[in-house]
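The values are calculated or read from the model by the stated rules, or taken from the named source; none is laboratory data. Treat the numbers as computed from the prediction; the structure is a model and nothing was measured. Cβ placement follows ideal geometry from the backbone for every residue including glycine, while neighbour counts extend to all protein chains displayed. Ligands, DNA and RNA are stripped out before the accessible areas are found, and what is left, the full protein with its side chains, is counted by its heavy atoms. Shrake-Rupley method; radii C 1.70, N 1.55, O 1.52, S 1.80 Å.
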Amino acid sequence: LSSSELKFILEHAGCDLMLFDERHAGRAEELASVRGLRGERLAPVSEWTGSADRLSTFKPLPFTPATPLQTAAIFYTGGTTGLPKGCELSHVALLIQGLGATDNCRFNGSSVLVHTAPMFHLAAYNALLGVTAVAGACSFLPEFSPTALLDSIEH
């Protein structure tokens, strides 16, 4: 998505926090003008040390019970006919998608999903939900290349 489309989405959704990695720091700077948005750079996994200590400093969010039909997430379309449109998906819709993927793909705790699609809208999100639901693992390629995919599968 273009910077203007991303700014629209961040403002439309009322986002308060944007997490980004070093690879996307330039794009995050472009988006920093969104009112009320705070950006936090995520360290590469290779730099994660003492993560349990760091996590213990975070205060838990208050628990808010949700009903099955309440919005769980907003996914945005590619905006091919104008500005991106926010598609609200309920908790039950995501649950059904995840369970369907778990059943269709026969995911289990030893499953590893290599996610190669661009991270927009619902690109393979149901598979991510499914493999996560059974405590499998998800691996994300920063960009697709046949070599990177084969290396990831071998690893």
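Ranking LYS7, LYS85 by solvent-accessible area of protein heavy atoms (1.4 Å probe, all protein chains present), from largest to smallest, gives LYS85, LYS7. Database remark: amide H of GLY39 closer than 5 angstrom to the amide H of MET18 (H placed geometrically; neighbours at sequence offset of 5 or more, or on other chains; Pro and chain starts carry no H). Over the chain, the fraction of Cα-Cα pairs per 10 Å bin, rounded to whole percents and listed from the shortest bin up, is 9, 26, 40, 23, 1.
A Cβ-based charge dipole, computed about the Cα centre of the chain with Lys and Arg at +1 and Asp and Glu at -1, lands at about 360 debye.
The length gained by stretching the chain between THR57 and ARG106 to full extension, at 0.36 nm per residue less their Cα-Cα distance, is 13.9 nm.
Note on HIS12 and GLU47: the extension gain reaches 9.2 nm, defined as 0.36 nm multiplied by sequence separation minus the Cα-Cα distance. Rg ratio for region 66-152: its Cα radius of gyration over 2.2 N^0.38 Å, N being its residue count, equals 1.21. Once the Cβ-Cβ distance of GLU154 and HIS24 is raised to the sixth power relative to R0 = 25 Å, the FRET efficiency obtained is 0.40.
With a ≥ b ≥ c the root eigenvalues of the C-alpha gyration tensor of region 74-125, is it rounded (a/c under 1.5), prolate (a/b larger than b/c) or oblate?
oblate
Placing pseudo-labels 7 Å out from each Cα toward the beta carbon at THR77 and LEU141 gives an inter-label distance of 2.9 nm. Computing the accessible area with a 1.4 Å probe over protein heavy atoms, can you report the carbon and sulfur percentage for the chain? Whole-percent figure for carbon plus sulfur exposure: 60.
Taking amide H positions as modeled 1.01 Å from N, with prolines and chain starts lacking one, the residues under 5 Å from LEU141 and 5 or more places away or on another chain are HIS115.
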